[in-house]
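Just below is one structure, and these are the notes that go with it.
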Amino acid sequence: MRTFWILFAAEWRHFKAAKGLVLLTSLVLLVGLYGIYYGTSEINRQRQHLAELPALARHNVDELKVKFPGEADAGEIGYYHTTFAVHHPTPWASLSLGQRDVNPYYVKLRLLGLQGQLYASENVNPTKALSGNFDLAFVLVYLFPLLIIALCFNLLSSEKEQGILTLLLAQPVSAATLVGAKLAFRLALVLGLVLVLSVVAMLWAQVPPDGRVGLWLALALVYCLFWFGVAFLITSWQRNSAFNAVALVGVWLVLVVLVPGLLNVFVSAARPVPQDLELTIKQREEIHGGWDKPKTETMNRFFALYPQFRDTATIKERFVWRWYYAFQHLGDQSVQPLTVAYTNGLRQRYDLVNRLSWLSPAVAAQTSLNALAGSDLPAHLAFLGSASRYHYALRAFYYPYLFHKVAFTHADFAKEPTHTFTSTSEPATAASGLGKLLISAGVVFGAGLLLFRARPVNPR
Amino acid sequence: MTYILEAKDLRKQYPDKLALQGLNLQIEAGEVFCLLGQNGAGKSTTINLFLGFVQPTSGAAYINGLEVAKNPLEIKRHLAYIPENVMLYPHLTGLENLGLFSQLAGFAYAESELRDYLEQAGLPPEAVQRRVGTYSKGMRQKVGIAIAVAKHAKVLLLDEPTSGLDPKASNEFSELLGKLSGQGTAVFMATHDLFRAREVGTRVGIMREGELVDVRPTSFLNANELEQLYLHYTH
């Protein structure tokens, strides 16, 4: 053990002397801090937008009070009044933005057909989508493996190529102790960085000090361990530094770039999902078709859904709001199967990616961190579900005014339902990802150990 | 009798070459055995087998009575090794390199002691605090000698140790070997340097194609006779 610590301490001296590595490590630290800043800024921006929405809604109400100074038809109010379904982030979202930058974090709603409104703001800036997020999770999942590769590609080959290994192994030092001390030093360095960045990010984001702190750290630690395992496996092969570097970068490309890309293509093909645009167009066609359909037919279909309003007088006028909202409602009903297929399909895709994530620890780590941060697809689908329920609540609020011909007063605005939704972490998904990462790390370390034992280190 | 260094039917077969064929050799404490032979004769293979860097195909090598293959770490407490081309950590000073290797060997020397060892090996005092990256081959060789001496080993394995040393330093090294053997250290030196072998060796052995073909005490050989003997076996 004494020899181990002598070698460990010597590694610190070697590291300090390797200016390039010091520079690279400092750079990763700075990049990590930028990632924290980026993630926190993005979430703060979203929070600020969300905080401004109630004022916007109040402003809209004030405008409506001016437009309709006395009692008004609820149909007019429902048409002009805008309210919001809001998706608040968890503090953890700052560390792992997940899909919060591509999916809307609020939806502007009126009493009209829901489906078209749910997906109306799903457009993203393609340039921004191309560059992606630069949050702490990105730094950990994509860039830390490169740092580990830079630190470990010449773990043993450096001494061998410099000719120092013969003199080292002529001392009472086993190759296993030497490699162990070198790996342990690099592991301590990288895990120190992970710890510093994570703690800074957690303090900055003000995450609650609960079990998720441990889960985040465990995910980051085991993911890094996996990459150290890969480096150990390649080291055990005992090839030269150039070979090791190419092999390690190759593994990085395969596991971090190629497999996730192929997984995306495979999952898209295996779980086809109707496009939300298709859904919106179909709903819109149905709604527009409502103008030309006989009013009795429309109302009968609507009353089948809301029999409590069946005693409403027959519509003889050219236009009444209750008829208008009835065919809006039926527009949503007509795309209900598509809506279910769309959300189920997205969920199935997500589940399939999760099942196949053992193919790439990078995917397992990213999905786990997103699940922990409540910024993944299930969180977004839960928000869409919550927004839909809210829209139904709005309908339940306005329909009695419409169908019982009750006038809408200024005081009624205060009775209107409001919406709030905060995504929740999914520790079970994160824990499952941690399990996969542990197995992956165990496999590579095990394979490395077998190879290391099978190929005794020859210092020549 | 337990020899400090011993080979029993030591054989090493590589896939394409028989590097060592049945070496039998015993070296006692205080003896300086010089192994002569052309490149590829098996000298370095023999040293590698004693160091445990390669495993024998058959037979066994012993250091201080311990079988090398079965006690790979323990035997290294009893031996010191100076390769033909001593390579050290270039970013550390001579002092730091000696300190590190001594610590690994189990010795925690004070700086003044480390300086003494380096000085004893012939390294100029002003160089001890310089990075080894700035050293010449001869200076690195001197640090290698200091590392070996500071280890106080019972066996000194040397592979062309004077390569890169100037004549004065080589001479000082010969004196050092004499001093160490006088203190009971067994020295096993592979070399091409017939002059040095006859000067410091107590016995010389000539190796040809992996076989130790002749062993003689140097006390009965003058330089000319050793040269004739060497040429006889190697040409």
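Adding -39500 (n - 2.57) for every DSSP H run of four residues or longer, then dividing by how many residues chain A holds, sets the calculated 222 nm ellipticity at -23000 deg cm²/dmol. Taking a label point 7 Å from the Cα of A:Trp291 along the Cα→Cβ vector, which residues of region A:100-120 have an amide N closer than 17 Å to it? Inside the label zone: A:112-113. Rg over Rh for chain A works out to 1.14, using Cα positions for both radii and the Kirkwood form for Rh.
Just in region B:93-150: which chymotrypsin sites (Phe, Trp or Tyr not before Pro) are loop by DSSP and have at most 11 other Cβ atoms within 10 Å?
Values: sites: B:Phe101, B:Phe107, B:Tyr109, B:Tyr117, B:Tyr135; in loops: B:Phe107, B:Tyr109, B:Tyr135.
Listed in order of number, the matching sites amount to none.
Spin-label model, A:Glu71 to B:Asp16: label points 7 Å out along the Cα-to-beta-carbon direction sit 10.5 nm apart.
Can you give the translational diffusion coefficient of region B:85-152 in µm²/s, computed by Stokes-Einstein from the Kirkwood radius over Cα pairs at 20 °C and 1.002 mPa s?
On the way: Rh = 11.3 Å.
In µm²/s, the coefficient rounds to 190.
Here chain B is scanned for trypsin sites (Lys or Arg not before Pro) in DSSP loops (not H, G, I, E, B) that have at most 16 other Cβ atoms within 10 Å, and the longest stretch holding none of them is B:131-235. Here A:Lys16 is the anchor, and the lysines within straight C-alpha reach of less than 16 Å, apart from those fewer than 8 places off in the same chain, are A:Lys182. Lysine pair count for chain B (Cα-Cα distance under 14 Å; residues 8 or more apart in sequence or on different chains): 5. Exposed loop positions in chain A were taken to be GluC sites (Glu not before Pro) whose DSSP state is not H, G, I, E or B and which have at most 12 other beta-carbon atoms within 10 angstrom. Between these positions, the longest stretch is A:72-316. Using bins of 10 Å that start at zero, the share of Cα-Cα pairs per bin across chain B amounts to 8, 33, 36, 20, 4, 0, in whole %. Measuring between their Cα centroids, region A:79-96 and region B:156-198 lie 81 Å from each other. Put a dot 7 Å past the Cα of A:Glu278, heading toward its Cβ, do the same for A:Tyr34, and the two dots end up 4.1 nm apart. The simple spin-label model puts a point 7 Å past each Cα toward its Cβ; for A:Val249 and B:Ala60 those points are separated by 4.9 nm.
Using only Cα atoms and rounding to the nearest 10 degrees, what angle (0 to 90) does helix A:2-17 make with the longest principal axis of chain A? So the helix axis and the longest Cα principal axis differ by about 70 degrees. The three principal axes of the Cα atoms in region A:133-226 give end-to-end lengths of 53, 26, 18 Å, sorted in falling order.
Before rounding to the nearest 500, sum -39500 (n - 2.57) across all DSSP H runs of length at least 4 in chain B and divide by the residue total; then give [θ] at 222 nm in deg cm²/dmol. Numbers along the way, then the final one.
Details: 7 runs with 80 residues, N = 235.
Only helices count here, giving -10500 deg cm²/dmol.
What number results when the radius of gyration of region A:356-403, computed over Cα atoms, is divided by 2.2 N^0.38 Å?
1.89
Other protein chain C-beta atoms within 10 Å of residue C-beta, averaged over B:145-153: 1. At q = 0.12, 0.14, 0.15, 0.18 Å⁻¹ the log10 of I(q)/I(0) for region A:1-135 amounts to -0.70, -0.83, -0.89, -1.05, computed by Debye summation with a single uniform scatterer per C-alpha, solvent ignored.
Here, each number is a calculation from the coordinates, and none is a lab measurement. All values derive from a computational prediction rather than experimental measurement. Cβ atoms come from the backbone with ideal geometry, glycine included; neighbour counts cover every protein chain shown.
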